[in-house]
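*Asks:* One structure is given below, represented as structure tokens, and several questions about it will come after.
The values are calculated or read from the model by the stated rules, or taken from the named source; none is laboratory data. These numbers come from a predicted model, not from an experiment. Virtual Cβ from ideal backbone geometry, glycine too; neighbours counted across all protein chains shown.
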Amino acid sequence: MKVDPITITEFSQSVMAVPPLARRADYSLDDAQNRALVTHIEAGGVRTVLYGGNANLYHVAVSEYRELLDMLAEIAGAQTRVIPSIGPDYGKMLDQARILVQTDYRTAMILPLAGFTTPDGVATGLRRLTDIAGMPFTLYIKSEDYLDVDTLAALVGDGTLLAVKYAIVRPDPSDDPFLRRLLESVPAAQVISGMGERPALVHTRDFGLAAWTTGSGCIAPHAVMALLHAAKSGNAEEAQRLYDRVLPLETLRDEISLIRVLHDAVTLCGIADMGPILPLLSATPELALPSVEREARTLLTFDRSLAGNAG
């Protein structure tokens, strides 16, 4: 795991892979299978790995958290930045922050909590957690009600937040007054599109966001890194070609479950055996598994063709 201090330029250099988390039949962490997945992701050039929703960290026990952090640090390569998550409730974040301060991690993502929050309360909590953990945080924002733009900008400005994972869904991602207001106060280099590939081209091309988080990039890291480079260089035709190859699996994830489909897709295409998904979630509906396997294998085959051409 990369332990150097984070520079803001890192966020623009790699997509942020958001992998599922492999567990054995008894729900214990599976080091070997998690390593296999991370090695596959790294082979495609991805250098930032974020463990959050897709890893089902909403439901991870605090008693398991240090073991999880140690495993993730050990399985990642020396040039791979690993970002774990904490939360979503304040009590859990407090316990996890006290564990994080004992490690070499440089940031962690705050999982969003729906309800029972106020913007002022969130700001107070995040500042206290930063002091306890000894690091700035990455904030996952999914709702305009969680933090207003002025408060969010102030948290970035005072160093409480290192980055914002922006994931407020819009019918048309190009029509987003909240994001435009945010970027008037927060540098685009510190904002990452947080909804996978679907809005990624608009967010990087039209809004100038640093990069995006990717689930499909856990299966097709070469393709998604190539998509990032095409988007950044203004190669619209190549970007659209790559985008179209990634979207079928993303569509299944949108239609069924972002977390569950990716978890099972990694297993079904043979990259690594993710095992059972941690409760309170469950596996992808059985009737959907053939479609998930087909799209995952198709995407992996495409990715391998890109890797072969690059070699």
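*Asks:* Any chance segment 26-46 includes a residue that's in contact with a Leu (Cβ under 7 Å, 6 or more places away or on another chain), exposed (fewer than 14 other Cβ atoms within 10 Å of the Cβ) and of a type outside the set (A, V, I, L, M, F, W, C)?
*Replies:* no
*Asks:* Where residues in segment 132-189 are at pLDDT 95 or above and of a type in the set (Phe, Trp, Tyr), which of them is nearest to ILE99 (Cα to Cα)?
*Replies:* Per the criteria, the residue is PHE137.
*Asks:* What about ALA17, is it hydrophobic (A, V, I, L, M, F, W, C), more than 25 Å from GLY208 (Cα to Cα) and buried (at least 23 other Cβ atoms within 10 Å of the Cβ)?
*Replies:* no
*Asks:* Of all residues in segment 269-296, which are aliphatic (A, V, I, L, M) and either touching a residue at least 12 places away in the same chain (Cβ under 8 Å) or assigned to a loop (DSSP other than H, G, I, E, B) (or both)?
*Replies:* ILE271, ALA272, MET274, ILE277, LEU278, LEU280, LEU281, ALA283, ALA288, LEU289, VAL292, ALA296
*Asks:* Might you let me know whether segment 114-128 holds any residue that is crowded, with 20+ Cβ neighbours inside 10 Å and within 21 Å of LEU258 (Cβ to Cβ)?
*Replies:* So far as segment 114-128 goes, no, none of its residues is crowded, with 20+ Cβ neighbours inside 10 Å and within 21 Å of LEU258 (Cβ to Cβ).
*Asks:* Further question on the same structure: What residue, among those in segment 228-248 that are more than 16 Å from ALA307 (Cβ to Cβ) and of a type in the set (A, V, I, L, M), is surrounded by the fewest Cβ atoms within 10 Å (Cβ to Cβ)?
*Replies:* If we take residues in segment 228-248 being more than 16 Å from ALA307 (Cβ to Cβ) and of a type in the set (A, V, I, L, M), then ALA236 is surrounded by the fewest Cβ atoms within 10 Å (Cβ to Cβ).
*Asks:* Considering only segment 11-32, I want to know if a residue exists there that is closer than 16 Å to ARG106 by Cα and touching a residue at least 60 places away in the same chain (Cβ under 8 Å). Steps first, answer last, please.
*Replies:* We begin by selecting, within segment 11-32, every residue closer than 16 Å to ARG106 by Cα; these are 11, 16.
Next, from what is left, pick out any that are touching a residue at least 60 places away in the same chain (Cβ under 8 Å): 11, 16.
Looking for residues that are closer than 16 Å to ARG106 by Cα and touching a residue at least 60 places away in the same chain (Cβ under 8 Å), one finds at least one in segment 11-32, hence yes.
*Asks:* May I ask you to list the residues in segment 158-188 that are touching a helix residue (DSSP H, G or I) at 6+ places or on another chain (Cβ under 6 Å) and of a type outside the set (D, E, K, R)?
*Replies:* Those that are touching a helix residue (DSSP H, G or I) at 6+ places or on another chain (Cβ under 6 Å) and of a type outside the set (D, E, K, R): THR160, LEU161, ALA163, PRO173, SER174, LEU182, SER185, VAL186.
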